[in-house]
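The values are calculated or read from the model by the stated rules, or taken from the named source; none is laboratory data. None of these values were measured; they are calculated from a predicted model. Cβ atoms come from the backbone with ideal geometry, glycine included; neighbour counts cover every protein chain shown. The area values use the complete protein model at the heavy-atom level, side chains included, leaving out ligands, DNA and RNA. Shrake-Rupley method; radii C 1.70, N 1.55, O 1.52, S 1.80 Å.
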Amino acid sequence: MRSHTVEPSLPPPGSSAPEPPSHKPGFGHGHPATAGTRALQRLADHVNTRALVLLRATVGIVFLGFGVLKLFPSASPAEQLAVDAATKMTLGLVPEMVLLLSLAALETAIGIGLIAGGRLLRPTLVAFFLHMGGVFSTLLLLPDAMWQPHSAAPTMEGQYVVKNVVLVAVCLVVAADAWGSGSRSSRRPDGADRTTSG
């Protein structure tokens, strides 16, 4: 009886052997990594679409909160600093309580305008930048309170003022969209107005 043995076939010279199936993470259907990546992409797309609304609403909430605090005596830690700076700017001709209530009303109005957007946005941005000019003027008007003695380092109050550069940067981005780009960039790809979206 003859025995029939099957010899393994070898690939032709110069050809490479087939690679085994890949088992790298993320290749299987419904793999958690793939689902997580897609979720992050959807989140990124949503944030990108609503970025300007998020920026101005966040600054608006900050201003609204600080403005409301100034309506209550001694509730705001920056109350006396703001009054002292405003008193110097008005040469002491306006009573402190009037100055405080005026600042409270201004900051509250800026906050509401930024949150609401729409037709309120442009005048609100003008008020915001004028107000920021007054805020940063305290670095010159109140040097003893803003800067440490014999040093260029700001005090705690000075740091409180300097940090407002973040709010200015945010509103510069919002203003660039509202003023500089016109109607083309003020609309999202879905046709909705960025400045009026809530």
Which residues, counting only those in the range 129-154, are over 30 Å from Ala176 (Cβ atoms) and open to solvent by 50 Å² or more (accessible area, probe 1.4 Å)? Pro143, Asp144, Trp147, Gln148, Pro149, His150, Ser151, Ala152
Is the range 104-121 home to any residue that is in contact with a strand residue (DSSP E or B) (Cβ under 9 Å, 6 or more places away or on another chain) and β-branched (Val, Ile, Thr)? no
Residue satisfying condition, being farther than 24 Å from Val47 by Cβ and of a type in the set (A, V, I, L, M, F, W, C), within set Leu64, Leu121, Leu141, Leu167: Leu141
Qualifying position, being modelled with pLDDT under 90 and more than 20 Å from the chain's Cα centre (by Cα), among Ala192, Ala85, Ala145: Ala192
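Conditions tested, residue by residue: (1) at pLDDT 80 or above; (2) hydrophobic (A, V, I, L, M, F, W, C); (3) within 30 Å of Ala178 (Cα to Cα); (4) open to solvent by less than 60 Å² (accessible area, probe 1.4 Å).
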{"position": "His4", "(1), (2), (3), (4)": "no, no, no, no"}
{"position": "Glu7", "(1), (2), (3), (4)": "no, no, no, no"}
{"position": "Leu10", "(1), (2), (3), (4)": "no, yes, no, no"}
{"position": "Pro25", "(1), (2), (3), (4)": "no, no, no, no"}
{"position": "His29", "(1), (2), (3), (4)": "no, no, no, no"}
{"position": "Thr34", "(1), (2), (3), (4)": "yes, no, no, yes"}
{"position": "Leu64", "(1), (2), (3), (4)": "yes, yes, yes, yes"}
{"position": "Gly67", "(1), (2), (3), (4)": "yes, no, yes, yes"}
{"position": "Gly92", "(1), (2), (3), (4)": "yes, no, no, yes"}
Only one of these is over 15 Å from the mean Cα position of the chain (by Cα) and among the hydrophobic types (A, V, I, L, M, F, W, C): Val166, Val135. Name it. Val135
Selection from the range 104-117 of residues without any contact (Cβ under 8 Å) to a residue 40 or more places away in the chain and open to solvent by less than 30 Å² (accessible area, probe 1.4 Å) yields Ala104
